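Structure first, commentary second.
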Amino acid sequence: MDKKVLTVQDISCVGQCSLTVALPIISACGIETAILPSAVLSTHTGGFQGWTFRDLTEDIPGIVDHWEKEGIRFDAIYTGYLGSNRQIDLVKDLFVRLGSSKCLKIVDPAMADHGKLYYGFDEVFAHHMASLCGVADIALPNITEACMMTDTPYVDAGYDERYVRELMDKVLALGAKTVVITGICYEPGKLGIAILSQGDKEISYYYHERLDRSCHGTGDIFASAFTGALVCGKSPLEAARVAGNFTLAGMKATAKEHWYGTQFEKAIPVLLEELKK
Ligand code: PXL
């Protein structure tokens, strides 16, 4: 049977992140993608001023009830940016009610980067997000998010493999079955994606080139492509290669003056090539 994915996150109408990234990318992987918008914003909150924000929390229970009655179930549920503790509770509930028997639950905490929480989030939210990662098959934090969820001091650079291993063990201790952390840098010019599952002896890495710039939305692009690749049957390590190479190609395709997002659209052919390998 063809697989079906549900993704739960906001619609930032302009800004190349969250649902405007997840829907096209997972669809491009050839997978039916249903969406549950958690909020509608005029833009994302990372650099624009004066954005609008409509919270859709109160719409979620009715949508979930309807789908449950219709017998609609998903093979994977991927969550990104969520706006409140209550939304996290609603997601935990829909994991149970809308997941197929083998549903893959993929949680990208999408709440912080570069050592700082995004606008509007606090420590209590970060701990609540930790509890959502605790029920995930795959948790996809960046280093900042992993630190905030596990009360670990954030180290920007110069950390070693022991620090990363401890951090990953702490995320697994929350309950996640597998943790995938992007942006691991042990030496100049190289970035790693680290993967560790419960019971693994060692971290697996996929390394790719490190560019001398950062682009907004790359976490969402990575998580979307990773989800698409996993649902296509790739292993977590293969999915890391697909998503890592695609995200990198998107960054390379992004014009220098394009400050608010990543022009991943131009790299869709790379995604399709990577999926064929
Ligand atoms: O890319 C993550 C993200 C998603 N949604 C909203 C955001 C951000 C990051 O800034 O502001 C609304």
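Within the stretch 225-240, the only residue that satisfies the criterion of being surrounded by fewer than 20 Cβ atoms within 10 Å (Cβ to Cβ) and either within 19 Å of CYS17 (Cα to Cα) or of a type in the set (D, E, K, R) (or both) is GLU238.
The set of residues in the stretch 39-51 being more than 9 Å from the ligand (Cβ to nearest atom) and either of a type in the set (Asp, Glu) or in contact with a strand residue (DSSP E or B) (Cβ under 7 Å, 6 or more places away or on another chain) (or both) consists of VAL40, SER42. The listed residues are GLU187, GLU145, and the only one of them that is exposed (fewer than 15 other Cβ atoms within 10 Å of the Cβ), on the phi < 0 side of the Ramachandran plot and among the charged types (D, E, K, R) turns out to be GLU187. Only a single criterion out of (1) within 16 Å of the ligand (Cβ to nearest atom); (2) surrounded by 19 or more Cβ atoms within 10 Å (Cβ to Cβ); (3) under 24 Å from ALA136 (Cβ atoms); (4) of a type in the set (Gly, Ala, Ser) is not satisfied by SER84, namely (2). A residue that is part of a helix (DSSP H, G or I), farther than 29 Å from SER214 by Cα, modelled with pLDDT of 95 or more and not hydroxyl-bearing (Ser, Thr, Tyr) occurs somewhere in the stretch 97-111. Return the total of residues in the stretch 122-142 being crowded, with 21+ Cβ neighbours inside 10 Å and of a type in the set (S, T, N, Q). Of the residues in that region, 1 qualify.
If you take the residues of the stretch 14-35 that are within 14 Å of the ligand (Cβ to nearest atom) and not in a helix (DSSP H, G or I), which of them is farthest from LEU272 (Cα to Cα)? It comes out as VAL14.
When HIS216 is tested against (1) over 24 Å from ASP75 (Cβ atoms); (2) within 19 Å of the chain's Cα centre (by Cα); (3) away from the ligand (no atom under 16 Å from the Cβ), exactly one condition is not met: (3). Here the stretch 226-277 is the region considered, the condition is being of a type in the set (S, T, N, Q) and over 15 Å from TYR206 (Cβ atoms), and the residue that is nearest to the chain's Cα centre (by Cα) is THR227. Given the structure, is ILE11 β-branched (Val, Ile, Thr), part of a strand (DSSP E or B), within 10 Å of the ligand (Cβ to nearest atom) and surrounded by 15 or more Cβ atoms within 10 Å (Cβ to Cβ)? Taking the combined requirement at face value, the residue satisfies it. So ARG73 passes all but one of these: (1) more than 18 Å from the chain's Cα centre (by Cα); (2) within 16 Å of the ligand (Cβ to nearest atom). Which condition number does it fail? In the conditions (1) more than 18 Å from the chain's Cα centre (by Cα); (2) within 16 Å of the ligand (Cβ to nearest atom), ARG73 misses (2) alone.
The values are calculated or read from the model by the stated rules, or taken from the named source; none is laboratory data. This is a predicted model, so every value here is computed, not measured. All Cβ positions, glycine included, derive from the backbone under ideal geometry; neighbour counts span all protein chains shown.
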